[in-house]
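Below is one structure; the comments refer to it alone.
The values are calculated or read from the model by the stated rules, or taken from the named source; none is laboratory data. Keep in mind it's a predicted model, so treat the numbers as computed, not measured. Cβ placement follows ideal geometry from the backbone for every residue including glycine, while neighbour counts extend to all protein chains displayed. Ligands, DNA and RNA are stripped out before the accessible areas are found, and what is left, the full protein with its side chains, is counted by its heavy atoms. Shrake-Rupley method; radii C 1.70, N 1.55, O 1.52, S 1.80 Å.
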Amino acid sequence: MKIALDAMGGDFGPPHNIAGAKLALADNHHIEKLFLVGDEALLKAEVDAQGLSDRRVEIVHASQVVTMHDPATAAVRGKKDSSITVAADLVKRGESEAVVSAGHTGAAVAATTVKFRLLPGVERAGIASPIPNDHGICNLIDAGANPEAKPIHLLQYAIMGSVYARHVQGVPKPRVGLMSVGEEDSKGTEFTREVFALLRESNLNFKGNIEGHDLFESEIHVVVCDGFVGNVILKSCEATAKAMMKWLKRELMAKPVRKFGAMLAKGGFAAVKDRISADTYGGSPLLGVNGICIIGHGSSSPLAIKNAILAASEAIRHGVNPHIQDEIAKFDLAHA
């Protein structure tokens, strides 16, 4: 498999991206080629500094970078030689099978949607962000690709999320929930009630409306919502997790007896931290585009970059896009 990494993306740029690439290559021998896309001189210097000499690495020059302050359209209009655009072009030309980026999310969505196009039958792509819960992983889709969605888009998110959970995450019959303000069928807005009706009529394993606590407590594998709601949920969850760890550390260090107890429970705290850390999951797949795109967090560590690359390799290995295309086609045929 061949993967293109936007090596300029993210808050920490080449140092973290190349360190993550080095970890991924050491961990996955199925990767045939890893393209590092970005400023050639900077990348060569960083590759040398980190002692990355793997023959599978190839640097592809890109003279521009889409910053976090640029509009998303800059990736495809104003900065046509940006690292994310050049990485997407590699997939478009068939030289790579996936692109991974921890850079500007909107730019990654715009560049890959324009370059890859959408899968046949798919109307909008959606970001599926993994959220850990008591039963494994809950995939929140859409987490920000399409803020102004239509009901049919959420139905397709449910189909695509179910395919991803089944084929990549190994869930035999993914349970689907609709994010709302109450569990009763009648709860929600006119928009969510219309989505509810579509999901209920589908052949998906739809379990009805869910609320915020279900993300963490209930056995739900796919939760659908529009990108505006999803992005607010995702960022609120991330901020809450960070705040809780900060407060916990502060209180545990406040008194000697607490420090001693914390030392005894150090392994447990580390396990919880790993489970709630975005670094553990690496990145979120952009489902619906005709190619593999994994979007990482802007503050991705080398571990997060490694896991994002591995997520891309898993999506390639399990052929997630052909499965999505088949399921969308089956649904369209059944409702023609």
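Structural remarks
- Overall, the chain carries a charge dipole of about 800 debye about its Cα centre when +1 sits on the Cβ of Lys and Arg and -1 on the Cβ of Asp and Glu, all other atoms neutral.
- Pairwise inverse Cα distances across the chain, averaged and inverted, put the Kirkwood hydrodynamic radius at 20.5 Å.
- Here is what passes the span test in the chain: the DSSP H helices with alpha carbon length of 30 Å or more along the helix axis and a Kyte-Doolittle mean of -0.5 or above are 227-252.
- At R0 = 41 Å, FRET efficiency that the Cβ-Cβ distance of Phe228 and Ser53 yields, to 0.05: 0.35
- Listed residues Leu25, Leu42 arranged by accessible area, highest first, probe 1.4 Å: Leu42, Leu25
- Applying the criteria of a DSSP loop state and at most 16 other Cβ atoms within 10 Å to the GluC sites (Glu not before Pro) of segment 142-247 yields Glu148, Glu183, Glu184, Glu211, Glu219.
- Accessible surface computed residue by residue for the chain, with neighbouring protein chains in place and a 1.4 Å probe, gives 47 Å² per residue.
- Length released on extending from Ser63 to Glu123, taking residue separation times 0.36 nm less the Cα-Cα span: 18.4 nm
- Considering only the chain, percent of DSSP beta bridges that pair antiparallel, nearest 5: 30
- The amide H of Val99, built 1.01 Å from its N in the peptide plane, has Ala4, Ile292, Cys293, Ile294 as neighbours under 5 Å, considering only residues 5 or more places off or on other chains.
- Rolling a 1.4 Å probe over the protein heavy atoms of segment 1-103, with every protein chain left in place, gives an accessible area that is 51 percent carbon and sulfur.
- Set of lysines near Lys306 by C-alpha distance (under 16 Å), chain-local residues within fewer than 8 positions excluded: Lys2, Lys22, Lys33
- Two-site FRET efficiency, Phe191 against Glu211, from Cβ-Cβ distance with R₀ of 22 Å, rounded to 0.05: 0.85
- Each Lys and Arg contributes +1 and each Asp and Glu -1, all at the Cβ; summed about the Cα centre of segment 29-137, the dipole is approximately 420 debye.
- Note on Thr105: accessible area is roughly 60 Å² with a 1.4 Å probe, heavy atoms of protein only.
- Within segment 1-87: Cβ-based charge dipole about Cα centre, in debye rounded to nearest 20 (Lys, Arg +1; Asp, Glu -1): 240
- Stretching the chain fully between Lys249 and Arg93 yields a gain of 51.2 nm (0.36 nm per residue, less the alpha carbon separation).
- Counting DSSP beta bridges with both ends in segment 1-159, the antiparallel % (nearest 5): 30
- Reducing segment 157-193 and segment 27-41 to their Cα centroids gives an inter-centroid distance of 35 Å.
- In segment 1-86, the GluC sites (Glu not before Pro) that fall in loop regions by DSSP, at most 16 other Cβ within 10 Å: Glu32
- Estimated purely from DSSP H runs of n ≥ 4, each contributing -39500 (n - 2.57), the mean residue ellipticity at 222 nm for the chain is -15000 deg cm²/dmol once divided by its residues.
- Protein accessible area in segment 132-213, 1.4 Å probe - carbon and sulfur %: 47
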